[in-house]
Amino acid sequence: MKQACPKYDHKIRAVAGDCMQPGLGISSSDREVLTENVNIVFHLAATVRFDEKMKTAMQINVKACRDVLDLCHDMKQLKSVIYVSTAYTQCPQNVVDERFYDPPMESEKMIHLADCVTDGMIEKITPILLDKWPNTYTFTKAIAEDVVRKNSRGMPVGMFRPGIGSHPDTHAPTISTSSAAT
């Protein structure tokens, strides 16, 4: 970067945000700057705690993802959006291919459930919701992939599913590739 554009740091502007807040907690003036000037978006914010409370994991991993895509739809110069997921969203699969999989629950239904049910109730039903997914991280990231699939129509979106190596005796998925694009 320093060779191609020695003063690139003059083009960087920090924008305050919070994935726990509606609209990512971005001020209207910062939102305007983003929609007018940004052309490449990397969305990789997430809570990676495996034991995160379902409501918190849904807000950060799913609803914030939807908010990022909504923001991207308003970007006038958008050239590319990269969503960083994880290979473990598809941990019930033996092989993970470059494609979208059916989510454990349709994204809008899960968002509605998380919004309507009390904290105590959702924690009681979390083991049932998780089903084949081992934790709220993999579950909500799988739901977020459904958000990407449904909310990125007409946008230049790519999805990256990084994984880590594992011992052959574990039940981690074998990754045939680490990316998928729409």
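The values are calculated or read from the model by the stated rules, or taken from the named source; none is laboratory data. As the structure is a prediction and not an experimental result, all values here were calculated from the model. Every residue, glycine as well, gets a Cβ built from its backbone with ideal geometry; the counts of neighbours run over all protein chains shown. Accessible surface areas use protein heavy atoms only, side chains included; no ligands, DNA or RNA. Shrake-Rupley method; radii C 1.70, N 1.55, O 1.52, S 1.80 Å.
What about Gly17, is it more than 28 Å from Pro134 (Cβ to Cβ) and not in a loop (DSSP other than H, G, I, E, B)?
On the way: more than 28 Å from Pro134 (Cβ to Cβ): yes; not in a loop (DSSP other than H, G, I, E, B): no.
Criteria not met by Gly17.
Of all residues in the range 110-136, those that are of a type in the set (D, E, K, R) have Cβ atoms under 7 Å from Cβ atoms of residues that are open to solvent by less than 60 Å² (accessible area, probe 1.4 Å), 6 or more apart or on another chain, in Asp119/Lys55; Glu123/Met54; Asp131/Pro104; Lys132/Pro92.
I'm trying to understand the selection: among the residues of the range 42-90, which are polar (S, T, N, Q) and either surrounded by fewer than 17 Cβ atoms within 10 Å (Cβ to Cβ) or farther than 15 Å from Asp18 by Cβ (or both)? So that I can check it myself, show each step before the final result.
In the first step, residues of the range 42-90 are kept if they are polar (S, T, N, Q); the result is 47, 56, 59, 61, 77, 80, 85-86, 89-90.
If the condition is that a residue be polar (S, T, N, Q) and either surrounded by fewer than 17 Cβ atoms within 10 Å (Cβ to Cβ) or farther than 15 Å from Asp18 by Cβ (or both), then Gln77, Ser80, Ser85, Thr86, Thr89, Gln90 are the ones that fit.
Out of Ala57, Ala45, one residue alone is under 30 Å from Lys124 (Cβ atoms), touching a helix residue (DSSP H, G or I) at 6+ places or on another chain (Cβ under 6 Å) and among the small types (Gly, Ala, Ser). It is Ala57. I'd like the residue in the range 16-36 that is closer than 17 Å to Cys65 by Cα and without any contact (Cβ under 8 Å) to a residue 40 or more places away in the chain and, out of all such residues, is least open to solvent (accessible area, probe 1.4 Å). Filtering first and then ranking leaves Gly25. Summed over the range 93-102, the residues that are open to solvent by less than 50 Å² (accessible area, probe 1.4 Å) and either in contact with a Gly (Cβ under 9 Å, 6 or more places away or on another chain) or farther than 9 Å from Ala142 by Cβ (or both) give a count of 2.
Would you call Lys109 of a type outside the set (A, V, I, L, M, F, W, C), open to solvent by 60 Å² or more (accessible area, probe 1.4 Å) and either in contact with a helix residue (DSSP H, G or I) (Cβ under 8 Å, 6 or more places away or on another chain) or closer than 22 Å to Ile125 by Cβ (or both)? Yes, satisfied. When the range 144-162 is filtered for residues that are of a type in the set (Val, Ile, Thr) and assigned to a helix (DSSP H, G or I), the ones remaining, listed by number, are Val147, Val148.
Scanning the range 123-167 for residues that are out of contact with any Leu (no Cβ under 9 Å at 6 or more places or on another chain) and of a type in the set (Val, Ile, Thr) turns up Thr126, Ile128, Thr140, Ile143, Ile164. Here Met121 qualifies as open to solvent by 60 Å² or more (accessible area, probe 1.4 Å) and of a type in the set (A, V, I, L, M). When the range 136-166 is filtered for residues that are over 30 Å from Met75 (Cα atoms) and open to solvent by less than 20 Å² (accessible area, probe 1.4 Å), only Thr136 remains.
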